[in-house]
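Enquirer: Dumping the structure here so I can ask a few things about it.
The values are calculated or read from the model by the stated rules, or taken from the named source; none is laboratory data. All values derive from a computational prediction rather than experimental measurement. Backbone-built Cβ (ideal geometry, glycine too); neighbour counts: all protein chains shown.
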Amino acid sequence: MKTQWFKRLGWFFLPVSLPGVVIALAALAFCAQVFFAVDRKSHSVSDTLYGVFPFFACAFLLFDWVGRKDQRQNSKHKIDCANVAAGSHRAQGGSKKSNQGDA
């Protein structure tokens, strides 16, 4: 069984397993490092915001992409398990056309 890394909470993804927590902490550590590096040479708040925006946006988009990919894979896995549990006709070797009968 595949472990779910994230749980969707509105627009955000909440980590619910160890790999999800590791990814979230890595993204936060990256953003903090970028913030401190940019803020060290900034002269105003707007300098800091302009400097960190491209890095923060990329980090959050990557985090969102991983969360969405995890959601799709888990829903696909659940559908596959449901088809196997229901004993789908194709899994038994038949085809959809042969089920209609010859008239």
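Enquirer: Working only within region 1-42, note down all residues that are basic (Lys, Arg) and more than 24 Å from PHE53 (Cβ to Cβ).
Expert: Of everything in region 1-42, those that are basic (Lys, Arg) and more than 24 Å from PHE53 (Cβ to Cβ) turn out to be LYS2, LYS7, ARG8.
Enquirer: Mind checking which pairs have a first residue in region 39-58 that is within 22 Å of ALA27 (Cα to Cα) and a second that is of a type in the set (Asp, Glu), Cβ under 6 Å, 6 or more apart or different chains?
Expert: THR48/ASP39
Enquirer: Let me ask something additional. Write out, first by first residue and then by second, each pair whose Cβ atoms fall under 8 Å of each other, whose residues are 6+ apart or on separate chains, and whose first residue, in region 17-33, is surrounded by 12 or more Cβ atoms within 10 Å (Cβ to Cβ) while the second is among the hydroxyl-bearing types (Ser, Thr, Tyr).
Expert: Final answer for the pair search is SER17/THR3; PRO19/THR3.
Conditions (1) of a type in the set (Gly, Ala, Ser); (2) assigned to a helix (DSSP H, G or I); (3) at pLDDT 60 or above, marked per residue:
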| residue | (1), (2), (3) |
| --- | --- |
| ILE23 | no, yes, yes |
| PHE55 | no, yes, yes |
| GLY67 | yes, yes, yes |
| ASP70 | no, yes, yes |
| LYS78 | no, yes, yes |
| CYS81 | no, yes, no |
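Enquirer: Here is a follow-up. Quick check on this structure: which one of PHE6, PHE35, PHE13 is of a type outside the set (Asp, Glu) and either modelled with pLDDT of 90 or more or over 22 Å from SER75 (Cα atoms) (or both)?
Expert: Being of a type outside the set (Asp, Glu) and either modelled with pLDDT of 90 or more or over 22 Å from SER75 (Cα atoms) (or both) holds for just one of PHE6, PHE35, PHE13, which is PHE35.
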